[in-house]
Amino acid sequence: MNLYGLAFVKNGVKFDYPFIESLDSLSPLVEKTYINVGVSDDGTLEKLQERQDLKIIEVDWDEQRTDKGHILSDMTDVALKKLREEIDDPEAWVIYLQSDEVLHEQDYQKIREDIQKANDQGHDVLRFRYLHFWQKHNVVTLNERWYPVEIRAFKLHTSTPILSHGDAQTFENWTSAFDSDAYIYHYGHVREQKAYKQKMERMHRYYHRGFDRVRKSLKTMVKNFLRNDREFFFYGDHPIVMKERIARLGGDFIKPSVPKVSLLGDLSGISEDFMKRINADEVLKNEKQGIVVNLDKAPKASDSRIDRPWNPEFRLLMALSQQEVGLKKINSEA
């Protein structure tokens, strides 16, 4: 089965998007990525023209549109239309990433397998789990306003063409979804602060007419995000493509090891391989020495009503993270 990538970006350098990291994380999985590149004034196009793995569709976006962000879905569909015109393969699937979304190399095999399963079982879209990082690379938010799952892969050719929906958060015209345990790492709210402010103002202009409404919308968004928000440490390992960016922005790519960790509670479903990845000199079970982590007291899912229960290993990862214990990196490049 052939897989193709789909993406869009405009002024990725100016707004400090991790768009290169996003494309790098997608490239090993796909034959080629079709990307809508909005006419930019910051060298974004030039950076992308250096690559051989892209089909670039340069488009002059209508910067005057203020229709609740629908320009983003329309720009996604421009690249998707070109992909459908050039690839006449009834079995092909598409993996879609926005320019602040990154795949983890440890999920590549799972993604391939799940897309194959989805296809064989008659599904036409694949839903990924999400990690939303908030202001720092070691903090994730579990607020109910953050989507815990979303469609990021779909069949290219269907009887009713699948299209981007709304402000490009999701897709429409699909019939049946396969739920994967692979993750999208969403870094949209972790970037250089000046670029972050400029990006948020630009994005909100796609939604609201007039600067005063944009400013009011931004304040409301931040207030809503922070109200009853649950922020959790995350010390799982990040995609290898994010290593230099995380260092540039002042974060830890890998949490330093600790001497001793004791695990309490129900550990069924935790593999020995995962146990070996806990970044501690010694890991004990059902004892109270060193850093004590009780899995029974860990969250079971995010606050969202549409979230699925986390699998045991991710739940343990979150419990470890709250005690500032991380994982060892599998990839030797780390």
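The values are calculated or read from the model by the stated rules, or taken from the named source; none is laboratory data. Note that the structure is predicted; figures quoted are calculated from it, not measured. FYI the Cβ positions are ideal-geometry reconstructions off the backbone, even for glycines, and counts take in every protein chain you see.
Checking HIS238 against (1) surrounded by fewer than 17 Cβ atoms within 10 Å (Cβ to Cβ); (2) within 17 Å of GLN135 (Cα to Cα); (3) at pLDDT 90 or above; (4) of a type outside the set (Val, Ile, Thr), only one condition comes out false. Which one?
All conditions are met except number (1).
Step by step: first the residues of the range 290-322, then only those that are among the polar types (S, T, N, Q) and in contact (Cβ under 8 Å) with a residue 40 or more places away in the chain, then the one that is surrounded by the fewest Cβ atoms within 10 Å (Cβ to Cβ). Which residue is that?
The qualifying residue surrounded by the fewest Cβ atoms within 10 Å (Cβ to Cβ) is ASN311.
Condition check: modelled with pLDDT of 95 or more, assigned to a helix (DSSP H, G or I) and not charged (D, E, K, R). Does LEU23 satisfy that? Break it down stepwise before answering.
Values: modelled with pLDDT of 95 or more: yes; assigned to a helix (DSSP H, G or I): yes; not charged (D, E, K, R): yes.
Considered against the rule, which asks whether it is modelled with pLDDT of 95 or more, assigned to a helix (DSSP H, G or I) and not charged (D, E, K, R), LEU23 comes out as yes.
Against the condition under 15 Å from PHE19 (Cβ atoms) and touching a residue at least 40 places away in the same chain (Cβ under 8 Å), how does LEU45 come out, does it pass?
Working: under 15 Å from PHE19 (Cβ atoms): yes; touching a residue at least 40 places away in the same chain (Cβ under 8 Å): no.
Spelling it out, it is not the case that LEU45 is under 15 Å from PHE19 (Cβ atoms) and touching a residue at least 40 places away in the same chain (Cβ under 8 Å).
Is it the case that some residue within the range 25-40 is surrounded by fewer than 21 Cβ atoms within 10 Å (Cβ to Cβ), polar (S, T, N, Q) and touching a residue at least 24 places away in the same chain (Cβ under 8 Å)?
There is at least one residue in the range 25-40 that is surrounded by fewer than 21 Cβ atoms within 10 Å (Cβ to Cβ), polar (S, T, N, Q) and touching a residue at least 24 places away in the same chain (Cβ under 8 Å).
Any chance the range 113-132 includes a residue that's free of Cβ contacts under 8 Å to residues at least 40 places away in the same chain and not hydroxyl-bearing (Ser, Thr, Tyr)? Spell out how you get there, then give the answer.
First, the residues of the range 113-132 that are free of Cβ contacts under 8 Å to residues at least 40 places away in the same chain: 113, 120.
With not hydroxyl-bearing (Ser, Thr, Tyr) added as a condition, the list becomes 113, 120.
For the range 113-132, residues free of Cβ contacts under 8 Å to residues at least 40 places away in the same chain and not hydroxyl-bearing (Ser, Thr, Tyr): present.
Can you tell me which residue within the range 82-100, out of those that are under 21 Å from GLN169 (Cα atoms) and out of contact with any Leu (no Cβ under 9 Å at 6 or more places or on another chain), is surrounded by the fewest Cβ atoms within 10 Å (Cβ to Cβ)?
That would be LYS82.
Is it fair to say ASP307 is assigned to a helix (DSSP H, G or I), in contact with a strand residue (DSSP E or B) (Cβ under 8 Å, 6 or more places away or on another chain) and under 20 Å from ARG230 (Cα atoms)?
Working: assigned to a helix (DSSP H, G or I): no; in contact with a strand residue (DSSP E or B) (Cβ under 8 Å, 6 or more places away or on another chain): yes; under 20 Å from ARG230 (Cα atoms): yes.
No: the conditions fail for ASP307.
If a residue has to be in a strand (DSSP E or B) and surrounded by 11 or more Cβ atoms within 10 Å (Cβ to Cβ) to count, how many in the range 253-280 make the cut?
Summing the residues that are in a strand (DSSP E or B) and surrounded by 11 or more Cβ atoms within 10 Å (Cβ to Cβ) in the range 253-280 gives 8.
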